Amino acid sequence: MTADPADEIAAALAKLRGRRPRPPFAGGFGGPHAHEHRGHGPHPFHGGPPWADPGQGRFAGVARLRMLDALVSASGPLSVSGIADAVGVDQPRASRLVQQGVQMRLVEREPDPDDARRTRVRLTAEGERLVSSLRGRRRDAVRSALESFTDAERADFARLLAKFADAWPQD
């Protein structure tokens, strides 16, 4: 049985998303800054919208979702530096992402069996359920976008996008 082109396309898109290069200013510029713009109130990028705030009971935000995706795609638990590389953020940002995930019970830390000074991060059952739900939504969105394609076009697009994702530079 051949794979569903929608699943193949969703997987290729996820692979590309995981290979985004880290911006040269990661950790330097672009962080929150506490000032207001004259006549405009707080800067629109301060901390993101309320739905991106784990304190509001939702786990959203691109970097947080990419962290979960990286953890579910990994063959085992990841170190914080492994998460930083997979998500494309600096290590302090990755530590904050992990802490937010721990607070929301979506990830947990465990001792690294090879180095007692380090910890590894893995998804909890609740985190796995969330990722599964998000991947289902992604697959549904891909299927919706493919509705106007013929079966042959879907198969060709899936094959070409997977080939493109495989050839995308890793760094």
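The values are calculated or read from the model by the stated rules, or taken from the named source; none is laboratory data. Owing to the predicted nature of the structure, the values given are computational and were not obtained by experimental measurement. Reconstructed Cβ throughout: ideal geometry from the backbone, glycine too, with neighbour counts over all protein chains shown.
Per-structure values
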| item | result |
| --- | --- |
| Contacts under 8 angstrom Cβ, first residue in region 143-160 being at positive phi, partner assigned to a helix (DSSP H, G or I) and of a type outside the set (Val, Ile, Thr), 6 or more apart | none |
| Filter result (surrounded by 12 or more Cβ atoms within 10 Å (Cβ to Cβ), more than 14 Å from residue 7 (Cβ to Cβ) and either among the β-branched types (Val, Ile, Thr) or in contact with a helix residue (DSSP H, G or I) (Cβ under 7 Å, 6 or more places away or on another chain) (or both)) within region 141-163 | 149 |
| Any chance residue 125 is surrounded by fewer than 11 Cβ atoms within 10 Å (Cβ to Cβ), farther than 16 Å from residue 10 by Cα and modelled with pLDDT of 90 or more | yes |
| Some residue of region 117-131 being closer than 13 Å to residue 66 by Cβ and in contact with a helix residue (DSSP H, G or I) (Cβ under 6 Å, 6 or more places away or on another chain) | yes |
| Options 115, 166: the member that is over 23 Å from residue 12 (Cβ atoms), loosely packed, with under 12 Cβ neighbours inside 10 Å and either modelled with pLDDT under 90 or not small (Gly, Ala, Ser) (or both) | 115 |
| Options 131, 107; residue that is of a type outside the set (Ser, Thr, Tyr), at pLDDT below 90, touching a Leu at 6+ places or on another chain (Cβ under 7 Å) and surrounded by 13 or more Cβ atoms within 10 Å (Cβ to Cβ) | 131 |
